[in-house]
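Notes for the one structure printed next.
The values are calculated or read from the model by the stated rules, or taken from the named source; none is laboratory data. Remember, predicted model here, so these are calculated numbers, not experimental data. Using ideal geometry, Cβ is built from the backbone for each residue, glycine included, and neighbour counts are taken over all protein chains shown. Calculation scope for accessible area: heavy atoms of the full protein, side chains included, ligands and nucleic acids excluded. Shrake-Rupley method; radii C 1.70, N 1.55, O 1.52, S 1.80 Å.
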Amino acid sequence: MFDDLAVNNWASSASVFSKDFCQKLAQECQRLHDEGQFHQASIGRGVTKSTHTEIRGDFTLWLDEENNSPLQQSFLSHLQTLLEQLNQSFYLGLKRFETHFALYPPGAGYDKHIDNHRGSGTRKITFILYLNEHWQKGHGGELSLYQPDQENVLITQIEPTLGTFVLFRSDLFPHQVEKSFQPRLSITGWFRDDAS
């Protein structure tokens, strides 16, 4: 996977996390959503932070080091290992990560965007782990990645199937979540080079 990341600045693999582990994460994601622990996702930050469901329609629950289940802690430990491997391979100076569960209800998507807030370059690598076991072609919800210097040129579309793990440079790729026609579950986040 790191070889592809080195050559293309993005990579996708279905072998980073086991199917059983991803199934358990999917069950936990759905349960927490059903319990009302998710919140409508927003765009922007600071005084410009707001919700616009026509632009971004997912609901999220942030994971942190202190308030999480053993399953979530195991996932965070995997991310720490990946952070260290990325630093060894690419000398990125990554210091931390942030991550959340995401659930897109039917009819929701996320318009084309780049993951770094304007004026900030602290997000270095975006990661996504998909948690949809019975996803089919007609369900939508693909991740569309576009050419960095030609944002109307589509590079690839990645199906959000269970266990598919995606990495890409946060500062380079315009991308969007195509409209989903089934509930679409994932864990999304960023490896960052700032301390807090």
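Could you give the accessible area per residue of the chain, probe 1.4 Å, as a whole number in Å²?
That works out to 50 Å² per residue.
Quick one: net charge of Leu129's neighbours, Cβ under 15 Å, K/R +1, D/E -1?
Charge balance in the 15 Å sphere: -3.
Search the structure for amide H atoms under 5 Å from the amide H of Leu162, placed 1.01 Å from N in the peptide plane, and list their residues when 5 or more places away or on another chain.
Asn132, Glu133, Trp135
Of the peptides 99-105, 156-162, how do they stack up when ordered by the mean number of other Cβ atoms within 10 Å, highest first?
In decreasing order of mean packing, 99-105, 156-162 become 99-105, 156-162.
State, as an integer percentage, the relative contact order of segment 70-162 based on alpha-carbon contacts under 8 Å between residues 6 or more apart.
Over segment 70-162, the number comes to 19 percent.
Which one of Pro106, Tyr146, Gln85 has its Cα pushed farthest toward the positive end of the charge dipole of segment 50-146, where Lys and Arg give +1 and Asp and Glu give -1 at the Cβ?
Checked the options; the winner is Tyr146.
Which net charge results for the neighbourhood of Leu92, defined as the other residues with beta-carbon distances under 13 angstrom from its beta-carbon, given Lys and Arg at +1 and Asp and Glu at -1?
Residues near Leu92 contribute +2 overall.
Hey, how many Å between the Cα centroid of segment 100-171 and the Cα centroid of segment 1-37?
12 Å
If I model a spin label as a point 7 Å beyond the Cα along the Cα-Cβ vector, how far apart are those points for Glu98 and Lys19 in nm?
That separation, rounded to one decimal, is 3.5 nm.
Between Gln88 and Asp111, what is the FRET efficiency for a Förster distance of 30 Å, r being their Cβ-Cβ separation, to the nearest 0.05?
With R0 = 30 Å, the Cβ-Cβ based efficiency is 0.30.
Taking R0 as 22 Å, what FRET efficiency do you get between Lys137 and Asp4 from their Cβ-Cβ distance, rounded to the nearest 0.05?
The formula returns an efficiency of 0.40 here.
For a label point 7 angstrom out from the Cα of Arg31 toward its Cβ, which stretches of segment 111-140 have the backbone nitrogen within less than 20 Å?
What the label zone holds, given the 20 Å backbone N cut-off, is 130-134.
Given a 10 angstrom Cα cut-off, can you work out which residue in His134, His175, His78 is the most mobile in a GNM of the chain?
Most flexible of the set in this elastic network: His134.
For the chain, how big is the tail of P(r) above 26 Å, as a whole percent of Cα pairs?
Summing the P(r) tail past 26 Å for the chain gives 28 percent.
Can you list the lysines whose alpha carbon is less than 24 Å from that of Lys137, not counting same-chain residues fewer than 8 positions off?
Partners within reach: Lys19, Lys24, Lys112, Lys179.
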